[in-house]
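Following: one structure in structure tokens, then a few remarks.
Just so you know, all these numbers are worked out from the coordinates, no wet-lab data involved. Since the structure is predicted, the reported quantities are computational estimates derived from the model, not experimental observations. Glycine gets a Cβ as well: all are built from the backbone with ideal geometry, and neighbour counts include every protein chain shown.
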Amino acid sequence: MSRGQIVKALSGFYYVAAEEGGIIRCRARGKFRKDGMSPLVGDWVEVREIQGDEGMVWAIEPRQNAFARPAVANIDQLVVVASQAIPQTDPFLIDRVSSIAALKGCPTLLVLNKCDLDRADELREIYEGAGITTVTVSAETGEGISDLIPLLQGKLSAFTGNSGVGKSSILNAIEPSFSISTGEVSEKLGRGRHTTRHVELFTLECGARVVDTPGFSSFDGAELNLEWKEHLPETFPEFRPYLDQCRFVGCSHTKEKGCAVLRAVKDGRIPKSRHTSYVRLFQELKDVKAWEQKG
């Protein structure tokens, strides 16, 4: 029996980096499917070797966290790549995935790319004020990459962001020999071709370990659950100082009189865009019922 970490999942096979070295190509034992559990990239697993470099994923160790879409586990931080150049990132997408990450106990690192075209100073101010670590970079010119690298070293980071925003380009800027197809941004559509076909874990020479994932659309509808509904306000870090100051117990922080969160928005202590995203998520989640949750 060998221990290792799943670094790639593709076409029903799981590629496990064994602790003693080498990659073992595995199938998963049928028990996982029966139990409604699938191995994920990032999982630490026990492998029963069959022959040569072929094996069977036999057991999955307890997870630090797990995401349904993208299908990854044991992430130290979610790296959200955004841009105010073409294509522009809708702040709601940042707010949605950072809320999901917070629910999982996973910090968010916001990387504002294409600063050679637009420095995105307003976005930086909003998210630094929200307590989210934010760094401004240009994959094209290399600006800010030296600030980003220390934030990645020694951690397993999942990169995500809307298509064409430069996730793969940033990875190539960190490690020029790291060959990932980047695709070209369509000027007509203002978005990029989807170039990442599967979830895969890479180790960079600088000591960072990264997972390149599909874009924001992969999160849609995947995390609508009762736990998120119950803990939504706490997933917005800048709301937390005000949550126990509202006049009424059970305040939704959307329209109530005496709401401390709404007062903070009015006074400029919470950015209006962040509260708008919160209300939008609240509306999405408000009809989720306990009986709708799967086992």
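Taking a Cβ cut-off of under 13 Å around Ser138, the surrounding Lys, Arg, Asp and Glu residues balance to a net charge of -3, with basic ones at +1 and acidic ones at -1.
Here segment 1-81 has an Rg and Dmax of 12.4, 41 Å, counting Cα atoms alone.
As a ratio to 2.2 N^0.38 Å, the alpha-carbon radius of gyration computed for the chain takes the value 1.07. Across the chain, C-alpha contacts under 8 Å between residues 6 or more apart give a mean separation that, scaled by the residue count, equals a relative contact order of 15 percent. Counting charges near Phe202 (Lys, Arg +1; Asp, Glu -1) among other residues having Cβ under 10 Å from its Cβ returns a value of -1. For the residue pairs Lys167/Lys266; Lys155/Lys266; Lys8/Lys286; Lys266/Lys286, the alpha carbons lie more than 31 Å apart in Lys167/Lys266; Lys155/Lys266; Lys8/Lys286.
The listed peptides 12-19, 106-113, ordered by packing as a protection proxy, come out as 106-113, 12-19 (highest mean of other Cβ atoms within 10 Å first).
Less than 10 Å Cβ to Cβ from Tyr14, Lys/Arg counted +1 and Asp/Glu -1: what total charge do the surrounding residues give? That works out to +2. For Lys272, a cut-off of 19 angstrom between C-alpha atoms picks up these aspartates and glutamates, skipping any fewer than 8 places away in its own chain: Asp90, Asp95, Asp121, Glu122, Glu125, Glu128, Glu234, Glu238, Glu256, Glu284.
Mind checking which lysines have their C-alpha under 16 Å from Lys289, skipping anything on the same chain fewer than 8 residues away? Result set, ordered by chain and number: Lys229.
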